[in-house]
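Bear in mind that the values in this text are calculations on the coordinates, not laboratory data. The model shown is predicted, which means the values in this text are computed figures rather than measured ones. Methodologically, a virtual Cβ is constructed for each residue, glycine included, from the backbone with ideal geometry; neighbour enumeration extends over all protein chains shown.
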Amino acid sequence: MKDGKLVTLAIESSCDETSAAIVLEGRQVLSNIIASQIKVHQVFGGVVPEIASRHHLDNVNRVVDEAMKEAGLQMGDVDMIGVTYGPGLVGALLIGLATAKAYALAAGKPLIGVHHIQGHICANYIAHPDLEPPFMALVVSGGHTNIVEVTDYNQCRVLGQTRDDAAGEAYDKVARVLGLGYPGGPKIDKIAKEGNPAAVEFKRVFLEKDSLDFSFSGIKTGVLNYVNSRKQAGCEINTADVAASFQQAVLDVIAAKTIGAALKMKKDKIVMAGGVASNSRLRAMMEEGCKKEGLALYCPPPVLCTDNAAMIGCAAYYKYQAGERDELTLDAVPHLPL
Amino acid sequence: MYILALETTGAHASVAIINEEGKILEKRSEGVLNHLQYLMPMVKDLLKENQLQLSDMTAIAASKGPGSFTGIRIGVSSARALAQILKVETIGVPTLKAFAYNMPDYDGLICPVFDARRNQVYAGAYRWEDGQIHELVKGAPYLIDEFLKKVRAVEDALQQTQDLQEDIPGSIGKAAGMRLFFGDGTKAYKDWFRGEELAPEEVRLQSAASVAKLARDMAEAGAAQSYEDLKPDYMRKAEAERKLEQHE
């Protein structure tokens, strides 16, 4: 406890970010240390699970130590340990979990396993102190694309998800095709600003009528085919135009489905979460769309969109308040359903 | 003095506690590759059954590899985290060398062999001499035939020394030509081990008790280190790194 408030130590290691945070009463972040491995994986053009796992092991204790120091707290002050247990890369997840479990045993603290997506949604509670459920959530990242109906702090239902690639994954793949490098999201976002989003017509994949699911594998092939046919014809490729057009095709579908879901389920709020929620074009489109429909839009700052432990600490706190505790047998679940 | 030792490099996880007199308490998992789930519960149960507390531990040891990369990481990261909170030192125990303690009374060569796939092994050869473990074939990655050749060469050398010693009255020559193979490599490459003597099944695989015993020797020799310095010994780069180097 600190000043009569519950203290959560949270750990996140589901992909290529090793993060630890100290969160008070679920929403007040005292520290949120993130050790990114982007540079490590850049040379491979994407996250290499074995290498990510090795780096998580090297980093995790130091990251926790820094989070404690920055918060000015000791393990004795901690009331609960929250940790991501899925979904994610199993080898990466287990470093955070093994560490959290050892802490829980050595310090005699309750252990609370958190769903990574639940964490992303909770980033909004940190960024917006007044935000309360219910609302519609859009979670878009390198590994996930979900439309989630959030009815309470610990209650939600997935209404739509990707059937193949995640949105961020499509960005990474298209960035590779365009020779923009890894990670693709921020690079496409940047170069697209200089391009014409109507220059190339890529197919918008809406799937069946009323479906809130996504499919992004086709557009990646579409971009590849376009680039190859232009090359064969000896034509120059305007990378900015292709990037802008690809992005517009992806975001048109995401924005339309999310706003449609909110209206259909009679929600007056939409929250965005996940790495791709930092995308400036997506934010602008969602703002415009929500304004038109009279919906309130919430989005966390970029540091809370990326994988981070503060959001896991927030989610752990609400589970704790609901009386949830996990055993030391808690396992990593790479394909954990929401 | 108590050292808690974690062994997670093979198929079965185990945990052990050793005290200053060398008395061992051990717990083994019957399950296969469920280290993450059961490692901490096993530690908790072992402590409880023996009326001990984690705060009684003076150091935490982990079998640091080689072995399953994932397994190594579960043990090493658990040990690091325990030591970080308990504010005690850690001991990184070489997994292959610890096999010497699976057969502390054996005179011949102790040869642990782990399956590293595609005819490769992590292996070494060790021998007890005057209460000390001698590493006669360095614990390292080898091709299976390359390792067996090295073992035979070491034995030939031992044989020659013994022949010389037998000429000296009163000298007791150690039993050369004696060797025992351990580890999951004996199963994965069973054709290579036809006609070879395998260690008795109950001591053939990794054991936290042996890790604890070697950890105790290492602690006495001043090998304890901060949790930050406890690192896995994978003995191999990640596949992606090796491929990248090949292309460069």
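Annotations for the structure displayed:
- At R0 = 30 Å, FRET efficiency that the Cβ-Cβ distance of A:Asp152 and A:Lys203 yields, to 0.05: 0.20
- Free-standing Cys residues across the protein assembly as shown, given no other cysteine C-beta under 4.7 angstrom: A:Cys15, A:Cys156, A:Cys235, A:Cys290, A:Cys299, A:Cys305, B:Cys111
- For chain B, Kirkwood radius (reciprocal of mean inverse C-alpha pair distance, Å): 18.8
- Charge dipole (the protein assembly as shown, unit charges on Cβ, about Cα centre) - positive-most of B:Leu86, A:Pro300, B:Val154: A:Pro300
- Protection proxy ranking, peptides A:154-162, B:191-199, average beta carbon neighbours within 10 Å, highest first: A:154-162, B:191-199
- Rounded if a/c under 1.5, otherwise prolate or oblate - segment A:133-299, Cα gyration tensor axes: prolate
- Per-residue shielding of A:88-101, expressed as the average number of other chain Cβ atoms within 10 Å of the residue Cβ, stands at 5.
- Gain on full stretching of the segment that runs from B:Gln160 to B:Arg194 - 0.36 nm per residue minus C-alpha separation: 9.7 nm
- Label-point gap, in nm, between A:Asp79 and A:Leu263 - each point 7 angstrom along Cα→Cβ: 4.2
- Note on segment A:133-299: antiparallel DSSP beta bridges, both residues inside, total approximately 60 percent of the bridges counted.
- Length-normalised contact order of segment B:104-198 in % [C-alpha pairs under 8 Å, at least 6 apart]: 32
- Both radii were evaluated on the Cα set of segment B:1-109; the Rg over Rh quotient, with Rh as the Kirkwood radius, amounts to 0.95.
- Each residue, B:Asn50 and A:Glu287, gets one label point 7 Å from its Cα in the Cβ direction; the gap between the two is 6.3 nm.
- Sorting B:148-158, A:183-193, A:9-19 by their mean Cβ neighbour count within 10 Å, with the most densely packed peptide first, gives A:9-19, A:183-193, B:148-158.
- Measuring between alpha carbons in the structure, the pairs from B:Lys150/B:Lys213; A:Lys109/B:Lys231; A:Lys109/B:Lys48 lying more than 22 angstrom apart are B:Lys150/B:Lys213; A:Lys109/B:Lys231.
- Peptide-level mean, for B:129-141, of C-beta atoms on other protein chains within 10 Å: 0
- Alpha-carbon Rg/Rh ratio, for segment A:236-292, with Rh computed the Kirkwood way: 1.06
- Antiparallel bridges, percent of DSSP beta bridges restricted to the protein assembly as shown (to nearest 5): 65
- Average partner coverage of A:49-58, which counts Cβ from other chains inside 10 Å: 5
- Of A:Lys266/A:Lys291; A:Lys69/B:Lys64; A:Lys203/A:Lys264; A:Lys209/A:Lys257, pairs whose Cα-Cα distance is over 20 Å: A:Lys69/B:Lys64; A:Lys203/A:Lys264
- Expected 222 nm ellipticity per residue - DSSP helices of 4 or more, -39500 (n - 2.57), all of chain A, to 500: -14500 deg cm²/dmol
- Largest first and in whole Å, the equivalent-ellipsoid semi-axes of segment B:104-198 read 26, 13, 11, each the square root of five times a Cα gyration tensor eigenvalue.
- Note on the protein assembly as shown: Rg/Rh from C-alpha atoms, Kirkwood Rh, equals 1.07.
- Chain A, relative contact order in percent, only Cα pairs under 8 angstrom and at least six apart counted: 25
- Pair B:Asp130, A:Asp210: separation of 7 Å Cα→Cβ label points (nm): 8.6
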